[in-house]
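The values are calculated or read from the model by the stated rules, or taken from the named source; none is laboratory data. What you see is a predicted model; the values in this text were computed from it and never measured. In this analysis, Cβ positions are derived from the backbone assuming ideal geometry, glycine residues included, and neighbour counts consider all displayed protein chains. Heavy atoms of the whole protein, side chains included, go into the accessibility calculation; ligands, DNA and RNA do not. Shrake-Rupley method; radii C 1.70, N 1.55, O 1.52, S 1.80 Å.
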Amino acid sequence: MTAVSLGMPTIPPRPLAQRRKSRQIVVGRGDKAVPVGGDAPVSVQSMTTTVTADVNATLQQIAELTAAGCQIVRVAVPSQDDADALPIIAKKSQIPVIADIHFQPKYVFAAIDAGCAAVRVNPGNIKKFDDKVKEIAQAASDAGVPIRIGVNAGSLDPRLLKKYGRPTAEALVESALWEASLFEEHGFRDIKISVKHNDPVVMINAYRMLAEQCDYPLHLGVTEAGPAFQGTIKSAVAFGALLAEGIGDTIRVSLSAPPVEEVKVGIAILEALGLRERGLEIVSCPSCGRAQVDVYKLAEEVTAGLEGLKVPLRVAVMGCVVNGPGEAREADLGVASGNGKGQIFVKGEVVKTVPESKIVETLIEEALKIAEEMEAAGVVSGEPRVSVAE
């Protein structure tokens, strides 16, 4: 009888859905260029919390975001001092810088002149914005700078609020498409659109409607999502629903937390959906009456011991012999614990059995061996995955 291999599966999971067909824009130039839309991977953005006029603080935060995996960063430009700081920030940042403009259309032109990679405009709160579209379109076109039309529930055009009574999905979409049409009248289509709302259900419906009515790349966001836990849940639910349908080309998780945390959550969402190569992933059981070891402690110690690992690695930390062997076998590395000892699995095979006191130490040793082999082979975690629209 031929032996059946119980090692790791070799077939990667299928994408949840084909990507929506969208036109592609390019944010930035040269080695800083990040394509958005089309067949480009979904990119992760964040926004600085510093006063933009404080150049050193802003560049420091951009460097931290870059190190965390952020691909595009947005800076606020509410004043002339902020606008004056843009040239040096745009030049020294290692990733594309988008200027976020509200209230004063003159800062749109300042951002373009400063060499920003793109400009985000909120039509609902820029004075006489519609009257300036022709000039903005011309300046952006001449400089090769894309425009994001960013519609927010909290700053919707008063005319639409009056028409719909509140910021409904229909109101958000109508605002975005109206402004896009004004740019189209002047031949400008280097546009990205967002229609953000703090309610994930309204936000999801708005993006679904928008996806059906245009081919522009879409920037996903749940605006004012809340503190870290609540905002993470809202963003994961909303982004998961849309990205699973192939809708979305770039994302920004909005949290009342340091912006680096936004990037971590955004990357984790893409990894969970198979849209980005995963990094370190700990698969651990929730524990139950069958557990014969302290699973919580084991998982925490293994996570802490492997922090900063630069390769994609799935580690299973299991507390009993019911689901433990199966989960451990499916992971790159794992342990199935019971009766004061743990079976250590590497790539689906049992390599040793160790006392409970040695489980964490052994898992870390084996993980570092695997990581060394993967690094030698050029494998790096967090690499975007391309999903081609068909």
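Which one of these is touching a Leu at 6+ places or on another chain (Cβ under 7 Å) and either hydrophobic (A, V, I, L, M, F, W, C) or open to solvent by 10 Å² or more (accessible area, probe 1.4 Å) (or both): Gly165, Gly124, Gly154? Don't jump to the end; show me each part of the working.
Working: Gly165 fails: touching a Leu at 6+ places or on another chain (Cβ under 7 Å); Gly154 fails: touching a Leu at 6+ places or on another chain (Cβ under 7 Å).
It is Gly124.
Anything in the range 210-233 that is without any contact (Cβ under 8 Å) to a residue 40 or more places away in the chain and under 20 Å from Cys70 (Cβ atoms)? List them, or say none.
First, the residues of the range 210-233 that are without any contact (Cβ under 8 Å) to a residue 40 or more places away in the chain: 210, 212, 214, 220-222, 225-233.
Scanning the range 210-233 gives Leu220, Gly221, Val222, Ala225, Ala228, Gly231, Thr232.
Pick out, from the range 214-332, the helices (runs of 4 or more DSSP H) lying fully within it that include 1 or more residues that are among the hydroxyl-bearing types (Ser, Thr, Tyr) and buried (at least 16 other Cβ atoms within 10 Å of the Cβ).
Details: elements: 228-243, 259-272, 295-305, 324-330.
Filter on the range 214-332 gives 228-243.
Report every pair of residues separated by at least 6 positions or lying on different chains whose Cβ atoms are under 7 Å apart, first residue within the range 263-279 and under 19 Å from Lys310 (Cβ atoms), second in a helix (DSSP H, G or I).
Taking only residues 6 or more apart or on different chains, the pairs are Val263/Leu65; Val263/Ala68; Lys264/Ala68; Arg276/Ile267; Arg276/Leu270; Arg278/Glu271; Gly279/Glu271.
Here are some residues: Leu172, Leu177. Which one is open to solvent by 30 Å² or more (accessible area, probe 1.4 Å) and in the same structural domain as Arg252 (by the TED database)? I'd like the intermediate steps shown before the answer.
Working: Leu172 fails: open to solvent by 30 Å² or more (accessible area, probe 1.4 Å).
The conditions single out Leu177.
Being within 24 Å of the chain's Cα centre (by Cα) and under 16 Å from Glu365 (Cβ atoms) is the filter here; which residues of the range 309-346 pass it? First the steps, then the outcome.
Filtering the range 309-346 down to residues within 24 Å of the chain's Cα centre (by Cα) leaves 309-315.
Hits for the range 309-346 are Leu309, Val311, Leu313, Val315.
Among the numbered criteria (1) within 23 Å of the chain's Cα centre (by Cα); (2) modelled with pLDDT under 95, which one does His219 miss?
(2) is the only condition that His219 fails.
How many residues are more than 17 Å from Ser22 (Cβ to Cβ) and open to solvent by less than 20 Å² (accessible area, probe 1.4 Å) when one looks only at the range 183-196? Give the derivation first.
Taking the range 183-196 and keeping what is more than 17 Å from Ser22 (Cβ to Cβ), we get 185-187, 196.
So of that shortlist, the ones also open to solvent by less than 20 Å² (accessible area, probe 1.4 Å) come out as 196.
Final tally of qualifying residues: 1.
So Lys106 fits all but one of (1) over 26 Å from the mean Cα position of the chain (by Cα); (2) at pLDDT below 95; (3) crowded, with 21+ Cβ neighbours inside 10 Å; what number is the exception?
(3)
Which condition from (1) in contact (Cβ under 8 Å) with a residue 12 or more places away in the chain; (2) closer than 24 Å to Val260 by Cα; (3) of a type in the set (Gly, Ala, Ser) is the one that Ser22 breaks?
Unmet for Ser22, out of (1) in contact (Cβ under 8 Å) with a residue 12 or more places away in the chain; (2) closer than 24 Å to Val260 by Cα; (3) of a type in the set (Gly, Ala, Ser): (2).
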